[in-house]
Amino acid sequence: MTTGSKWMAALAGAAALIMPLGAFGAPASANYPAKIGDGEGQLNIVAWEGYAQDDWIKPFEKETGCQVHAKYAGSSDEMVALMRSGGGGEYDLVSASGDASLRLIYGGNVQPLDVKLIPAWNDFLPNLKSPPHNTLNGLHYGLSYEWGPNVLLWNTDKIKEAPKSWAAIYDAQYKGKVTVPDNPIQIADAALYLMKAEPKLGIKDPYELTQDQLAAAAALLKKQRPLIKKYWALASDEIELFKNGDAVIGAAWPYQTNTLKAAGVKVEDTIPEEGATGWADSWMLSAKSKHVNCAYKFMNYVSTPKVQAQQAIYFGETPANPKACDAMNAIEAGSCEKYHLNAPASYFDKIHFWKTPLPTCADGSRKCTSYSDWQRAWQQVKG
Amino acid sequence: MTAAEFGLDGRQGGALRRLSALFWRRPSLALVGLVVPPLAWLVLIYIAALGVLFIAAFWSVDPFTGEIDRTWTLANFEAVVSISTYRTIVFRTILIAAAVTLTDAILAFPVAYFMARIAGRRLRLVLITLVVLPLWSSYLARIYAWRLILAHDGALNWALRAIGLPSLSIGYSNWAMWIVFSYVWLPFMIMPVYAALERIPPSYFEASQDLGARGWRTLVKVVLPLAMPGLIAGSIFTFSLTLGDYITPVLVGGPGSDFIGNVVYSNVGVANNIPFAAAYATVPLVMMALYLWGARRLGAFEVM
C-alpha cells in the first residue's frame, strides 16, 4: 500500500463514520398497548409551525396532565432528521406530511397505531382512514390529521371563462402568466393530467410512473416551461405573484385562494375535471416513544371535531374528521364549505394524496421510478 | 516575586511557573502550543470536511433502499458532465457571477475614487457609513424589497408609466438576478478598491502631471494599475459570493434561474442524493481554485 492510498483509505474510513449509518432499517412491527393508561406527564412532539397552538394545547395539558413540548420543523427533511436524532427516542409524535411518512415507516422510526384506541378514527373521511401514505400492509403507522388539495387558481379579472381542466396551465394563451410549485411532485400533477389526456400512456397512479411515463410527464412540463412566470417555492411567493399581476393562473393551495380573496384580489379556484393531487399530514408515533399513553391521549384529543376545526381554521386546511364541520362554522361562518369539508364523496375521490414515489410499484414489480429520478427530471424541466 | 504576590495559591503558581519555565527553555514548544489548536481546527473541521465531501462524491445512493452505497463510481461526475441541464446551470452560474463582478467593478471604481481622493474628511465618513450601512440590514429584507420594485405592478413599472415609458417585464428573470446580485455585493467591491486608492501617495499624481500626463492618462497608467489589486480582491468577494448563493435565485429568479447551489440544495434536502450533491459541489470549488490561482498570478495577494 502506498502512502497515498493509505491516506485515501483513512479519509474514506473517516467519511464512513460521518455519513449516517443504517438510516434505513425495516418497518417496525406492531406493539399495541392493551389500553390507554395514565399519562406519563410529558409529551415531546415534532410539528409544523402552527400545529401546537396554545388555544388547543393548554386545555389538553390541563385535561391530561401531559406537558407538551413542541419542536417546530421547517421542512419534511428536518422532521425525518429530528425523529432519527439521538437514536430515535427523543420525540414521541411527529406531524409528518406524505413526503416524509413513508421514509419514517421504511426507516423503522415509527410504530403501528391501534386505531381501536382512537374512536374518532371511525368518523374520518374514507380515503384518509388507511391511505397508502401512512398505512402499510394493513398496519396504521399514521393517524390522518389535516389535508388540502392542490387546486387550479386563476384571476377572474383576467380570465373571464372559468377553466375546467388542468389543460389551462399548459395553454400557450397564458404565456408568461402561469405559476406552479417548484417541487418535483409537480410531475404528479402532469401525470394526473396525462392520465386523462393521453390514456395510451397507461398511467394508473400519478405517483407510480415507469421510465417512459416519467419521460412523457417531463416532456409536457418542458413544453410548459416557456409559459411559466415563476416556479413558486413558498405560498407567499404565489400570493405576491397574483397580487402584483405577474401571474394570472396556476396551481395553488386553498390557503392562497383565501388569502388573496381576503386581500381583495379577484381569484377563484377549482378542482378540475381530471381531479387533483393533495397533501395530507399524519400523526406518527416514534418506535422508541417513552410517553405512549400521553401520545395516544394526544391523538385522541386532536382527532376530536373541535380541535380539528381549530387547527383547520388556524392553518387554512381541511380536517380529516368531517364531524368538525359544525365546529368550523361556529368559529368562522361558512368555513366548512370554504375548505370543502362538506363536499360530496365524489369530491374526495378526485384527490390523489401525495406519497413518495418509490422504485417498487404497488404490484411489487420494480419498474417504477424513484423520487431521486423525479428530482433529476424536475431539475431538467426547470433548467 | 513569589506566587503569593500574584494572588495564586502555591500549587497552581508552581505548575504555571514550571510551564512558563519549560516554554522559556524550549521556545519551539511554545510555538507548537500556539499553532496546534488553530491548525487542528483548520485541518479537522475545514480540510477534512472538504476531503469527506470529495470522497462522498464517488459514492452512490441505492435507489431501492435509499442507503449510501460506498462502492467507488464515477457516475456522479459523468452525470455532471453529460447531462446538458447540469452544464447549463454551471455556465449560467459562472456567467452571472462574472457579469455581477464586472458591473460592481464599474460601479465601485468612481465611488471609491471619489471617497478616497476627492471627498473631504467628513463627507468620506458619511459615504463609508452609507456604503456599509445596508450590510447591517437583513440580506433577505433587501432581496424582498427588490422583488417588490421589479414586480409587474411594482415600483419600477409604476415609475416608468408615470413618465410615459412602456413597462418592463424583468421581475423573476435572470435580469432581476443580475440587478439584485450587483446591488447586494457592491459594498464588498467598494471597500477594497477604496483601500487600494487611498494608499496611492499624492506625489504619484504630481509626478504624473509633472511628466505631462493629463487626467485620463494618469488614470489609465497610474491609478488603474495601482487599484488593480483592490479590484481583484473585491472581485474575489463578488465572484465567490455570487457563485455560492442559492437564495437570490429562489426569490427573484424565474424559470431557468437555478444556480449550482440550488441543485446541491435540492439533492441534499429533497432527493437525499448526497453523493451527487457532493460531486456537483466540487464544481464551484474547482472554479474558485482556478480563479484564485489567476488572481495570485496577477499579484492580488501581495497587497491584501
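Annotations for the structure displayed:
- Take every pair of alpha-carbon atoms less than 8 Å apart whose residues are at least six positions apart; their mean separation over the length of region B:189-255 yields a relative contact order of 48 percent.
- Simple label model, 7 Å out from Cα along Cβ direction - B:Leu31 to A:Leu234, nm: 5.2
- Amide hydrogen neighbours beyond the local backbone of A:Ala276, cut-off 5 Å, H modeled: A:Ile351, A:His352
- Contour minus Cα-Cα distance for B:Ala289 and B:Asp69 (0.36 nm per residue): 76.3 nm
- Put a plus charge on the Cβ of each Lys and Arg, a minus charge on the Cβ of each Asp and Glu, and nothing anywhere else: the dipole of region B:83-303 about its Cα centre is then about 380 debye.
- Averaged over B:166-173, number of beta-carbon atoms from partner chains that fall within 10 Å: 3
- Shape of region A:133-257, Cα gyration tensor, a/c cut at 1.5: oblate
- Helix runs (DSSP H) in chain B reaching 30 Å along axis by Cα, Kyte-Doolittle at least -1.0: B:84-113, B:174-198, B:274-297
- Cα Rg, Dmax (largest Cα-Cα span) when computed across chain A, Å: 22.1, 77
- Principal semi-axes in Å for region B:236-285 [√(5λ), Cα gyration tensor, largest first]: 18, 15, 7
- Electrostatic tally near A:Asp281: other residues with Cβ closer than 10 Å to its Cβ, Lys and Arg +1, Asp and Glu -1, net -2.
- Local net charge near A:Thr356, Cβ-Cβ under 13 Å (Lys/Arg +1, Asp/Glu -1): -3
- Most mobile listed residue (A:Ser365, A:Ser335, A:Ser75) in chain A, GNM with C-alpha springs under 10 Å: A:Ser365
- Here is the tail figure for the protein assembly as shown: Cα pairs spaced more than 32 Å apart come to 62 percent of all pairs.
- Remark on region B:83-303: ratio of C-alpha radius of gyration to 2.2 N^0.38 Å is 1.18.
- Rotationally averaged projected area of region A:124-189 (alpha carbon convex hull; nm²): 6.7
- Average 1/r across all pairs of distinct alpha carbons in region A:61-215, invert it, and you get the Kirkwood radius: 19.0 Å.
- Estimated vicinal HN-Hα couplings, Hz - region A:140-149 in sequence order (Karplus 6.51, -1.76, 1.60; Gly, Pro = x): 8, 7, x, 10, 4, 10, 10, 8, x, x
- Estimated from helical segments only, the mean residue ellipticity of chain B at 222 nm is -22000 deg cm²/dmol, where each DSSP H run of four or more residues counts as -39500 (n - 2.57).
- FRET efficiency estimate (nearest 0.05) - Cβ-Cβ, B:Phe77 to A:Ala167, R0 56 angstrom: 0.90
- Between A:Asn31 and B:Ala21, the C-beta separation translates, for a Förster distance of 51 Å, into a calculated FRET efficiency of about 0.20.
- Region A:254-276 and region A:305-325 have Cα centres lying 19 Å from one another.
- Left without a cysteine partner by the 4.7 Å Cβ rule in the protein assembly as shown: not a single residue.
- Of A:Lys297/A:Lys338; A:Lys261/A:Lys338; A:Lys297/A:Lys350; A:Lys323/A:Lys355; A:Lys160/A:Lys230, pairs whose Cα-Cα distance is over 21 Å: A:Lys297/A:Lys338; A:Lys297/A:Lys350; A:Lys323/A:Lys355; A:Lys160/A:Lys230
- Cα gyration tensor, region A:230-320 - rounded (a/c under 1.5), prolate or oblate: prolate
- Separation in nanometres of the label points that stand 7 Å from Cα toward Cβ, at B:Val132 and A:Lys158: 4.4
- Accessible surface of the protein assembly as shown [probe 1.4 Å, protein heavy atoms]: carbon and sulfur percent: 63
- Shape call, region B:108-203: gyration tensor on alpha carbons, a/c limit 1.5: prolate
- Residue among A:Gly176, A:Gly264, A:Gly142 with the largest mean-square fluctuation in a Gaussian network model of chain A, springs linking Cα atoms under 10 Å: A:Gly264
- Cα-derived Rg over Rh, computed across region A:233-383 with Rh taken as Kirkwood radius: 1.02
- Unit Cα scatterers, Debye sum, region B:141-251: log10 I(q)/I(0) for q = 0.12, 0.20, 0.24 Å⁻¹: -0.63, -0.96, -1.19
- Between A:Glu268 and A:Tyr314, the FRET efficiency from the beta-carbon distance, with R0 = 22 Å, is close to 0.40.
- Among B:Leu133, B:Leu125, B:Leu29: highest mean-square fluctuation, GNM of chain B, C-alpha pairs under 10 Å: B:Leu29
- Projecting label points 7 angstrom from Cα along Cα→Cβ for B:Tyr265 and B:Met228 puts them 3.7 nm apart.
- Geometric extent, Cα atoms of region B:194-289 - Rg, Dmax (angstrom): 21.5, 67
- Cβ-based charge dipole, region A:259-383, positive-most Cα from A:Ser286, A:Gln308, A:Asn342: A:Ser286
- Across region B:213-221, rounded Karplus estimates of 3J(HN,Hα) from the backbone phi angles (6.51 cos²θ - 1.76 cosθ + 1.60, θ = phi - 60°) give 7, 7, x, 5, 5, 4, 4, 6, 8 Hz, Gly and Pro being marked x.
The values are calculated or read from the model by the stated rules, or taken from the named source; none is laboratory data. All values reported here derive from a predicted model rather than from experimental measurement. Cβ atoms come from the backbone with ideal geometry, glycine included; neighbour counts cover every protein chain shown. Accessible surface is based on the protein model in full, side chains and every heavy atom, while ligands, DNA and RNA are left aside. Shrake-Rupley method; radii C 1.70, N 1.55, O 1.52, S 1.80 Å.
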